[in-house]
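Comments concern the structure below.
The values are calculated or read from the model by the stated rules, or taken from the named source; none is laboratory data. Please read all numbers here as calculations on a predicted model, not as lab measurements. Ideal geometry is used to build each Cβ from the backbone, glycine not excepted, and the neighbour counts take in all protein chains shown. Just the protein is used for accessible areas: all its heavy atoms, side chains included, with ligands, DNA and RNA removed. Shrake-Rupley method; radii C 1.70, N 1.55, O 1.52, S 1.80 Å.
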Amino acid sequence: MQIDEPVHLEPYDESWNELYRSERKRLLLAVGGLTKAIEHFGSTSVPGMTAKPIIDILVGVEDPSVAADEIIRRLKGIGYEHLGEAGIPGRRYFRQRGLHDYNVHVVQYRGELWNNNLLLRDYLSEHPEEAQRYSDMKKHILERGAQTLLSYSDQKHAFVSGLLERAAAWAGA
């Protein structure tokens with residue numbers, strides 16, 4: 001099971017939201033009874049942002065460990081590959097590659113991972129200047145030679161942490 005993969009960026013594409021809505025319907029049919037909510041997050045969910053053309057979907061469950069085996073079985077049944085926590089404790093990570101690419105992150109509903117990812121999405125959506133800075137930083141990482149997902153993710157970690165701090169301050173204001 002290889003988690004790392006090549007990475008590239010594309011300008012914002014309005015079809016990303018439609019791809020999310022379509023995949024959300026498939027996910028609801030597969031695991032809807034086990035979930036509390038399903039949300040689009042990450043750069044493809046923020047209008048105007050440069051992003052990896054992979055739709056990130058957050059699936060909130062009451063307790064990720066309780067229904068884990070059933071969720072894994074059902075998501076594999078619709079073509080997802082299960083990659084365990086993939087370096088993020090408390091998350092079950094799935095991906096599907098094909099004509100369109102999807103990542104599904106199963107996390108505790110309203111837990112830290114759920115809240116932080118949605119807070120960051122909402123903050124970037126409300127602050128286009130921050131979204132542009134983030135887009136520029138991601139391009140710079142690739143220009144400096146990052147070619148794989150793990151390297152790319154490592155290099156943007158500090159920037160994302162700062163964004164999350166500003167987002168938390170904004171939400172608390």
For this session: Please work out how much length the chain gains when fully extended from Leu34 to Ala168, using 0.36 nm per residue of separation minus the C-alpha to C-alpha distance, in nm with one decimal.
Result: 45.3 nm
Seminar exercise, completed: FRET efficiency for Tyr12 and His157 from the Cβ-Cβ distance with R0 = 35 Å, rounded to 0.05, comes out at 0.95
Problem set entry | Vicinal HN-Hα couplings computed from phi for segment 93-98 (Karplus, 6.51 cos²θ - 1.76 cosθ + 1.60; Hz; Gly/Pro x) | 10, 10, 9, 9, 10, x
For this session: Out of all DSSP beta bridges with both ends in the chain, state the antiparallel percent to the nearest 5.
Result: 65 percent
Problem set entry | Rounded if a/c under 1.5, otherwise prolate or oblate - segment 98-173, Cα gyration tensor axes | oblate
Seminar exercise, completed: In segment 14-168 the accessible area split gives carbon plus sulfur, as whole percent at 1.4 Å, a share of 49 percent
Exercise. Tell me, what is the FRET efficiency for Ser22 and Glu81 to the nearest 0.05, using R0 = 22 angstrom and their Cβ-Cβ distance as r?
Worked result: 0.70
Exercise. Which entries of Lys25/Lys139; Lys36/Lys76; Lys52/Lys156 show an alpha-carbon separation above 23 angstrom in the structure shown?
Worked result: Lys25/Lys139
For this session: Calculate, for segment 80-173, the solvent-accessible area per residue in square angstrom, rolling a 1.4 angstrom probe over the heavy atoms of the protein chains.
Result: 54 Å²
Problem set entry | Extreme residue, positive dipole direction of segment 14-168, given options Ala158, Val106, Ser22 (C-beta unit charges) | Ser22
Seminar exercise, completed: Computed about the Cα centre, the charge dipole of the chain from +1 Lys/Arg and -1 Asp/Glu charges at the Cβ has a magnitude in debye, to the nearest 20, of 340 debye
